[in-house]
1. For Leu122, Leu143, Leu197, what ranking results if the residue with the fewest other Cβ atoms within 10 Å of its Cβ goes first?
2. Go ahead and collect, in residue order, the members of region 112-147 whose backbone nitrogen is under 15 Å from a label point 7 Å along the Cα-Cβ direction of Arg86.
3. Between Leu192 and Leu207, what length comes free when the chain is fully extended (0.36 nm per residue of separation minus the Cα-Cα distance, one decimal in nm)?
4. About the Cα centre of region 107-215, how large is the charge dipole given +1 on each Lys and Arg Cβ and -1 on each Asp and Glu Cβ? Please answer in debye to the nearest 20.
5. Search the structure for amide H atoms under 5 Å from the amide H of Gly167, placed 1.01 Å from N in the peptide plane, and list their residues when 5 or more places away or on another chain.
6. Going by amide H atoms built from the backbone, whose H comes under 5 Å of the H on His217, apart from near neighbours?
7. Starting at the first residue of region 171-184, write each ³J(HN,Hα) from the Karplus equation 6.51 cos²θ - 1.76 cosθ + 1.60 with θ = phi - 60°, in whole Hz, x for Gly and Pro.
8. Put one equal scatterer on each alpha carbon of region 118-219, apply the Debye formula with no solvent term, and list log10 I(q)/I(0) at q = 0.11, 0.19, 0.21, 0.24 1/Å to two decimals.
Amino acid sequence: MTNAPSLRRLSALDRLLAGAGRAMGAIAASPGASRPTPRPESEILGDPLSESDRRLAGALMRVNHVGEVCAQALYEGQAATTSDPRLETFFRDAAAEEGDHLAWTRGRLDELGARPSLLNPLWYAGAFAFGAIAGRVGDRFSLGFMVETERQVERHLAEHLEHLPAGDVASRAIVEQMKRDEGGHADQAEALGAAPLPEPVRAAMRLAAKVMTGTAHRI
């Protein structure tokens, strides 16, 4: 019993070390997924991609991979700053599902012969900061931040489905499943009491996302 207070004091350090490990995994590793990679409903995998289509698909999937790196960081920041254990569990569960997206997009990049963004450490750090700030403002704001993020990602993925080469049915299957999952996260956050964000905050988020996607498309 005498050791219990000491263990409680160390829990913050334990969480920090665990978070650092998850950060390294999101940025540098090829993570495993808990669900199989989505595949086209048909066994027909589409026509072989031309070199230009392969480059386009690789660039788009690199952007999607960056989005999943940011999702890991965002939820890590929110989980670390909420005072509600239930919400901490919710954010970590969402991060685990997003971890599947991280693995799927990284695997597809490898298949396309494309590389992840060179700026992934920067994207992770920025998203973690946004998540931590949102959590510090308050749980309802933090949930609202999650809702807005996921709704923007849904729209972004819908645009990618329009721009991906028609023959790249493998990437399309991944993006379609990701889009469904993102909508589910937003719905859950709304059900937990998310507060609508002010329009200036939403506009700033859209601008940040535009900068990120435009840069990640190339770098």
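What follows is calculated from the coordinates using simple rules that are stated; it is not laboratory data. Just so it is clear, the model here is predicted, and its values are computed rather than measured. Don't worry about glycine lacking a Cβ; one is built from the backbone with ideal geometry, like all the others, and counts go over all protein chains shown.
1. Numbers: Leu122 15, Leu143 26, Leu197 18.
Least crowded to most crowded, the residues run Leu122, Leu197, Leu143.
2. Those under the cut-off are 139-140, 143.
3. On the way: separation 15, 0.36 × 15 = 5.40 nm, distance 2.67 nm.
Answer, rounded to one decimal: 2.7 nm.
4. Working: 12 positive and 15 negative charges, 68 e Å.
So the magnitude is around 320 debye.
5. Under 5 Å from the amide H of Gly167 lies no amide H from a residue far enough along the sequence or on another chain.
6. Correct list: empty.
7. Going residue by residue, I get 5, 4, 4, 5, 5, 4, 5, 4, 4, 5, 5, 4, x, x Hz, with x marking Gly and Pro.
8. With no solvent term, the Cα-only Debye profile gives -0.38, -1.06, -1.21, -1.36.
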